[in-house]
Every structure is written in C-alpha cells, then in structure tokens.
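This report refers to the structure that appears directly beneath it.
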Amino acid sequence: MTATAKSSPDLAAAPAPAAIPELSADFRWGVATSAYQIEGAADADGRTPSIWDTFCRVPGAVVRGENGDVACDHYHRTAEDLAVIAGLGVDCYRFSLSWPRVQPGGRGPANPRGIAFYDRLVDGLLERGITPWLTLYHWDLPQELEDAGGWPARDTAHRFAEYAELAYRALGDRVTHWTTLNEPWCSAMLGYAEGVHAPGRRDFGAAMSAVHHLLLGHGLAAGRLRDLARGPLELGITLNLGRGTPATDAPADREAARRADGLGTRLYLDPLVHGRYPEDVVADLAARDVTLPVRDGDLAAISAPLDVLGVNYYSSHQFSGTTEDGATTGEDGLPVVRAVPFGRPRTAMDWEIVPEGLTELLLRLHRDYGLPMVITENGAAFDDVAEEDGAVRDVDRIGYLDQHLRAVAAARAGGARVDGYFAWSLLDNFEWAEGYGKRFGLVRVDYDTQRRTVKDSGHWYRETVRLTRGR
Ligand code: IFM
C-alpha cells in the first residue's frame, strides 16, 4: 500500500480487479451499514430517541454538531438503495435494526410501523436474491433504558433479550442470519469509560459492568433465538479486533501488549467461547477495585454456542509499556499501555494501514477460539474528491480493499475458517463522533441532494466479486 489519505487520485496506481482464488469457494460477499448511520427519519412512525440522538445534542460531542436526523435518508429511499446493493452483485447485506424504532422506549410491544420498514427492506433483499444479515444492536440504545441505568445496569441485558425476541418473532420467518451485538468494546469503552461515544460517560467501573451486561444480553438473546427458531439459524456476535504486538521484546512492552489484548480481545472471547473471564484481566481489574458483576449462571448463558464470529478489522497496533520519557506508570497511576506507530500510511481516520495484521489476527483467532469467522466490516475513510458528475476515483480505497482481501485469502490458505467478507460501508454515512466528514462508502452520498454515485471502489468491488466467483 503506497496510498495515503492525502494522495491525489491516480487511476494508474489502482490494482485492476482480479479473481482471488482462495476466496472462490463457499465464500459470501457483502456490504454493511447500521441503522443510525444511514436511516435518518429520526422521529418517523413512532421511533423514540436513542442515546445517539441525545448525545448528538451535547455541545462539542460530534464534529460540527452533526446528527443522524436525516443521515442518508435510507428510510425513505429504501427502494433506490436496494437497487444500488443489487447492482454491486453481492450475496449478502448486513444492516442493523434501530431498537427504538422496533420497540420505542425499549419496553413493551413491537411498533408495527417500525417493523413494516424492516419488512420492506428484508422482502426487497430476498426478492433480489440477497441474504439479509441482521444485527440487533449497533449502539442505539433507547434513551429510556439509559435513563434507567444503561448497560451498566443488569436489567438492560434482560430488556435486550426481550427486544431480540420481538424482532425474531417479526422477521425470523425470513431472516436466518442474526448477529446480537456489534462491537461491544466500543459500546462499553467509548461510551462509558472514555465518554467519546453515546452516552458520554467517563467511569471505568461502569464500563466494565457494561461489558458484562452486554455479554449477558448477547447470551440471553442467543438463547431466546435458539428456542424460537424453527428453521435454519446462523447466530453470531461481531467484535472489533486487531493484532496487538509488543513494540520490542522488553518485558514492559510485552506486559503492555498483554494488557491491551486482555481488555480488547480476551475479555470478550474467553467468556463467549470458554465460559470464563481471563484470570489475568480479572486480577488487573481487582487492582483497580473493579469487579465484574457476575452472577450464577451468567457465564453459561454467555457461552451459548456460536455459529459464527463476526470480525471487524481496520488496523493493528504495537504497544509500549513506557511513556516517551521512559516512565512505566502514567499520570493516572496505571501501568502505561501506549500504542507506538508502525510508520505506515494512514487513512483519513488516522488509522495505520496494516493488512498483514488481519492475516495474523485471523490465524490467532482460529488457533485460540476455533470458530468459523466472517469479516463483518473492513474498509477505509479517505478524503474523496468528487468530480462534477459525482464520480470518485478512490484508488486509495481500492488499494486498501485489495490488500485486505488478500490478507483474508492468506488466512484461509493458512487454515483459518473465514467464509465471508462485508465491505464497510455500502454508503458514505454518519461516522459517529466524526460526523459526516469521514467517508467510508463504496457509494458516494451527496448530502445536499441525497444523490448516490457508485465510486470506483464500488465498481472495483463488483468486478472482484464477479471474477472471483467465476460466473
Ligand atoms: O462506522 C463504524 C461502524 O459503525 C462500526 N465499526 C467501525 C466503523 C468505522 O469507524
């Protein structure tokens, strides 16, 4: 990868679409979105506010004070967007349900008008031969549930299981691929520890309670769906993961990498797969006077069998256990865990581009957890330049996608069970605290006119899928 966020468009540098033989058999291709990022229609048809509607109103929380009120107006442009998805030639479409649209306020019966929207979407996908890949929770907790304590409160896990049941009763006759949570690390850490995502709290102990209740909510929901299913069901959870290595072989750096891996990966996957929290992480938490609020039976629920692990991958990190001044304890009194740049080109999110980290991550996940996997998100924001007709010559994004698809192919060749890939994202959309300035889409959205234009990366992706399938 030679592209950087600032490089000028240069079509000659874009890799031509070509078949990727390792991805030709039993491989599912898709594009992904989430509800709050694209739907808009924030108060249509009975939808109530989520924590993101509230957070966006906090001065300074989101760049330029933007919000998801209109977003890509997908709610009203569903037919056009279905045609765009079909035009990309993909097998699957990953989207999320808006909890406050399906169950306003997070309690009580399903909202028929909210369900009707997802009926139209699901039916439209099926009519076009595209498999709906549904996520129940992509960060938009009903505000009323946050007011009652949010994810740090145990009851939210039970509310989530109830909502999952409502959603499954409405759509389970047609949707066979169900993901409970998207990126619980982000919900817990960005939302409750760092305060940079909704609901904007800064309380590490509350964030760790949120981790446990998110996982419990996943497990309880998974159990309900299994009980209800009368036909095929492919059930999973999606985590944001990366490869984390020590910056050097020094003991402090290896310790920093252990801590990062513990809080970022093993805190989720050990209970999900092995039914226990990692002892070293529990000890690290105890040293901070934090205890996970585990009750009898919780870990059995959390470790309910998974059919698939969704992996969202954007970048990798190497860690140092010292500050630039050589201290091993930070100003917060905690052991230092500092990400050290590799010196690679970066995307517009300032994330380093590390495709081989994806191969190594997948092989590690295969070795330590053994689950079938699907890449449920991978992609990049770049500073797109739109021509007069809306065309975008996004060679940087093509390069990124090409390298990461080849990284998936290498992992498959190495024995990892990875059988799908979803590009993030179908459309440019609301990138959370970054607002609309960061564009991840294979399809450009002109937010003034809502016009959609397939970028060069979208054309490239369609051709890569077609050539790889060989039909
Ligand atoms: O846009 C997000 C998405 O909602 C969750 N995964 C990461 C993406 C890029 O930041």
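Tell me which residues, restricted to region 136-160, are assigned to a helix (DSSP H, G or I), under 20 Å from the mean Cα position of the chain (by Cα) and closer than 24 Å to ARG113 by Cβ. PHE160 - this is the single residue of region 136-160 that is assigned to a helix (DSSP H, G or I), under 20 Å from the mean Cα position of the chain (by Cα) and closer than 24 Å to ARG113 by Cβ.
Report yes if ALA407 is in contact (Cβ under 8 Å) with a residue 12 or more places away in the chain and away from the ligand (no atom under 16 Å from the Cβ), otherwise no. Answer is yes for this residue. Just one of the listed residues (ASP69, ASP81, ASP73, ASP45) is over 27 Å from VAL308 (Cβ atoms), at pLDDT 95 or above and not in a loop (DSSP other than H, G, I, E, B), and it is ASP45. In a residue-by-residue description of region 171-179, the property of being within 22 Å of TYR93 (Cα to Cα) and within 16 Å of the ligand (Cβ to nearest atom) applies to at least one position.
Being over 16 Å from the mean Cα position of the chain (by Cα) and not in a loop (DSSP other than H, G, I, E, B) is the requirement here; does ASP26 meet it? Walk me through how you get there before you give the answer.
Numbers: over 16 Å from the mean Cα position of the chain (by Cα): yes; not in a loop (DSSP other than H, G, I, E, B): no.
Criteria not met by ASP26.
Is one or more of the residues making up region 323-336 touching a residue at least 40 places away in the same chain (Cβ under 8 Å) and in a strand (DSSP E or B)? For region 323-336, residues touching a residue at least 40 places away in the same chain (Cβ under 8 Å) and in a strand (DSSP E or B): present. The single condition among (1) under 17 Å from the mean Cα position of the chain (by Cα); (2) within 16 Å of the ligand (Cβ to nearest atom) that LEU362 does not meet is (2).
What number of residues in region 1-23 are at pLDDT 95 or above, out of contact with any strand residue (DSSP E or B) (no Cβ under 9 Å at 6 or more places or on another chain) and not in a loop (DSSP other than H, G, I, E, B)? Residues that pass the stated criteria total 2. Evaluation of GLU388 against the conditions (1) within 13 Å of the ligand (Cβ to nearest atom); (2) over 19 Å from GLY89 (Cα atoms); (3) acidic (Asp, Glu) shows that the sole unmet condition is (1). Does region 176-184 include one or more residues that are hydrophobic (A, V, I, L, M, F, W, C), buried (at least 24 other Cβ atoms within 10 Å of the Cβ) and closer than 30 Å to VAL290 by Cβ? Yes, because at least one residue in region 176-184 is hydrophobic (A, V, I, L, M, F, W, C), buried (at least 24 other Cβ atoms within 10 Å of the Cβ) and closer than 30 Å to VAL290 by Cβ. Residue-level analysis places LEU126 outside the set of residues that are in a helix (DSSP H, G or I), surrounded by fewer than 24 Cβ atoms within 10 Å (Cβ to Cβ), within 16 Å of the ligand (Cβ to nearest atom) and of a type outside the set (S, T, N, Q).
Considering region 341-359, the residues that are charged (D, E, K, R) and within 15 Å of the ligand (Cβ to nearest atom) include one that is farthest from ALA409 (Cα to Cα), namely ASP350.
Out of all the residues in region 421-454, which are at positive phi and away from the ligand (no atom under 11 Å from the Cβ)? Please lay out each step first, then the result.
Filtering region 421-454 down to residues at positive phi leaves 432, 435, 450.
Result: GLY435, GLN450.
So which strands (runs of 3 or more DSSP E) stay within region 374-471 end to end and still have 2 or more residues that are within 19 Å of the chain's Cα centre (by Cα)? Steps first, answer last, please.
Working: elements: 418-424, 443-446, 451-454.
Once the strands (runs of 3 or more DSSP E) in region 374-471 are filtered for at least 2 residues that are within 19 Å of the chain's Cα centre (by Cα), what remains is 418-424.
Among the residues of region 165-188, those identified as assigned to a helix (DSSP H, G or I), within 18 Å of the chain's Cα centre (by Cα) and touching a residue at least 40 places away in the same chain (Cβ under 8 Å) are PRO184, TRP185, CYS186, SER187. When you go through (1) of a type in the set (A, V, I, L, M); (2) within 16 Å of the ligand (Cβ to nearest atom); (3) more than 29 Å from LEU134 (Cβ to Cβ) one by one for ALA256, which number turns out not to apply? Failed condition: (2).
The values are calculated or read from the model by the stated rules, or taken from the named source; none is laboratory data. Here the structure is a predicted model, which means the values were calculated and not measured. Every residue, glycine among them, receives a Cβ derived from its backbone with ideal geometry; neighbour counts consider all protein chains shown.
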